[in-house]
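K.L.:
Pasting a structure below so you can have a look.
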Amino acid sequence: MERIKTMIREGSLEPGQRLPAERDLAARLGISRSSMREAIRALTILGVLEARHGSGIYVTRLEAGDLLETFGVVADLSRGPRLVELLELRRILESTATSMAAARITPDRLAEVEKHLTAMNATDDPEQILAHDLAFHRAIVASAGNETMTAVLDGLSSRTFRARVRRGDQEEGAFERTRREHAAIHRALVARDPEAARAAAAAHVGEVERWLRSRREP
């Protein structure tokens, strides 16, 4: 695996390029074909390689979203202290992304953010609120212009992860507070104020983080 990754890193294998035949590559690297098959299988699971039926094994586009796909699984399955840690990480990254977005967001993307904010305010259906909540944040994070950070935050904000946290949060009637927090983020974006955007996003995620910390099992 390390040898193949080195070939990609050094440019002898490029994104989208077909790997040499298994036998040839194994001989070139001085390893057995069984070891080569295991390495290819593992790198395929990680999103580094892809098998194309009848064509061979190719290097993927190596996009952050593909390589970090397994990160979303970690977020979905985490519980207890690890879940709190993931929320802490999301607060740090999302506040940074929102600050960057305040300086870079386009009028079209800002209109998209406002559309989801309006839709959240117009319904009391938890599923609809969650769907527009996710879309609201994804539109903002995408405006930051950092694909790797977008991929990490997409895993942290997956539907299952957010639903697990929100399920208990909603029992305390947190919808109105959430709407106010989203409105504060939107105002900061409209004002193109990075520091206000950072503070509003940190406060928003921080509320859920604090709620979860207070209900953690000893």
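The values are calculated or read from the model by the stated rules, or taken from the named source; none is laboratory data. Treat the numbers as computed from the prediction; the structure is a model and nothing was measured. Note: ideal-geometry Cβ built from the backbone for every residue, glycine included; neighbour counts use all protein chains shown. Just the protein is used for accessible areas: all its heavy atoms, side chains included, with ligands, DNA and RNA removed. Shrake-Rupley method; radii C 1.70, N 1.55, O 1.52, S 1.80 Å.
K.L.:
Tell me, what is the per residue accessible area of segment 70-119 in Å², probe radius 1.4 Å?
P.N.:
On a per-residue basis, segment 70-119 sits at 51 Å².
K.L.:
Let me ask another. Leaving ligands, DNA and RNA out of it, report the carbon-plus-sulfur percent of the accessible area of the chain at a 1.4 Å probe.
P.N.:
Values: 6050 of 11780 Å².
In the chain, the share of accessible area belonging to carbon and sulfur is 51 percent.
K.L.:
Which one of ASN121, MET100, LEU83 has its Cα pushed farthest toward the positive end of the charge dipole of the chain, where Lys and Arg give +1 and Asp and Glu give -1 at the Cβ?
P.N.:
Positive-end residue among those listed: LEU83.
K.L.:
Grab the beta carbon distance between ALA119 and ARG28, set R0 = 45 Å, and tell me the FRET efficiency rounded to 0.05.
P.N.:
The value I calculate is 0.20.
K.L.:
Sticking with this one: Which entry is the computed Rg/Rh (Cα atoms, Kirkwood Rh) for this structure: (i) 1.09; (ii) 0.97; (iii) 1.00?
P.N.:
Computed from the coordinates, Rg/Rh (Cα atoms, Kirkwood Rh) corresponds to (i).
K.L.:
What are the residues whose amide H is under 5 Å from the amide H of GLY47, where those residues sit 5 or more places off or on another chain and H is modelled from the backbone?
P.N.:
Close amide H contacts, sequence-distant or interchain: none at all.
K.L.:
Expected output is a single nm value to one decimal: the length gained when fully extending between ASP66 and ARG82, i.e. 0.36 nm times separation in residues minus the C-alpha distance. What is it?
P.N.:
In short, 3.5 nm is gained.
K.L.:
Just grab the label-to-label distance for SER35 and ALA191, each label 7 Å out from Cα along the Cβ direction, in nm (one decimal).
P.N.:
The modelled label-to-label distance comes out at 6.1 nm.
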